[in-house]
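Comments concern the structure below.
Throughout, read-outs are computed from the coordinates displayed, never taken from laboratory work. For clarity, every value in this text was computed on a predicted model and none was experimentally measured. Ideal geometry is used to build each Cβ from the backbone, glycine not excepted, and the neighbour counts take in all protein chains shown.
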Amino acid sequence: MCAIDPIHNTVTLGDKEDLLATEMILKDINFQKYNVLPSAYQAAIKIRYRDTGHLARIQQDNDTLRVSFLNPVSAITPGQSAVIYEGDDLVAGGVIER
């Protein structure tokens, strides 16, 4: 597992495959299309500016969103923004927590 630990001032290195993950948590959510996501919700999520988007199941848990990607995604980076799209419609955005 690749990681940066600023508390202990360490960096853990790994292989390219170690950057793949299937889940992330979003915080500081800013809803645009819905106030509450529908249950069993699926949409495309972009985790970078030029990202084409990745299909995921999204579950709302109070003030966070639990995202489960259908296929592994590379380099999900805490502190970066993620944006949820339904076609061309902006659904929500948030900050990647983990």
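The fewest-to-most ranking of Phe69, Phe31 by surrounding Cβ atoms within 10 Å reads Phe31, Phe69. When the chain is treated as a GNM with alpha-carbon contacts under 10 Å, the residue of Ile29, Ile47, Ile58 showing the greatest mean-square fluctuation is Ile29. The length gained on full extension between Glu97 and Thr22, counted as 0.36 nm times the residue separation minus their Cα-Cα distance, comes to 25.6 nm. Express in % the proportion of alpha carbon pairs of the chain at distances exceeding 22 Å. Of the Cα pairs, 28 percent sit more than 22 Å apart. Positive end of the dipole of the chain, charges at C-beta (+1 Lys, Arg; -1 Asp, Glu), about the Cα centre: which of Ile45, Val95, Asn9 has its Cα farthest in that direction? Positive-end residue among those listed: Ile45. In region 3-70, if the dipole is taken from +1 on Lys/Arg beta carbons and -1 on Asp/Glu beta carbons about the Cα centre, which of Asn30, Leu19, Asn62 is farthest to the positive end? Farthest towards the positive end: Asn30. In percent, rounded to a whole number, the relative contact order of the chain is 32, using alpha-carbon pairs under 8 Å and six or more apart. When Ser68, Ser81 are arranged by Cβ crowding within 10 Å, least crowded first, meaning fewest neighbours, the order is Ser68, Ser81. For the chain, modelled as a GNM whose springs connect Cα atoms under 10 angstrom apart, the maximal fluctuation among Val83, Val36, Val73 occurs at Val36.
When Lys27, Lys16, Lys46 are ordered from fewest to most other Cβ atoms inside 10 Å of their Cβ, what list results?
Lys16, Lys27, Lys46
Measuring r between the beta carbons of Ala3 and Gln42 and using R0 = 25 Å, the FRET efficiency lands at 0.30.
Each label point was placed 7 Å from the Cα along the Cα-to-Cβ direction; for Arg66 and Glu86 their separation is 2.1 nm. Given the options Thr22, Thr77, Thr12, state which has the largest fluctuation in a GNM of the chain using a 10 Å cut-off (strictly under) for Cα springs. Result: Thr12 has the largest fluctuation of those listed.
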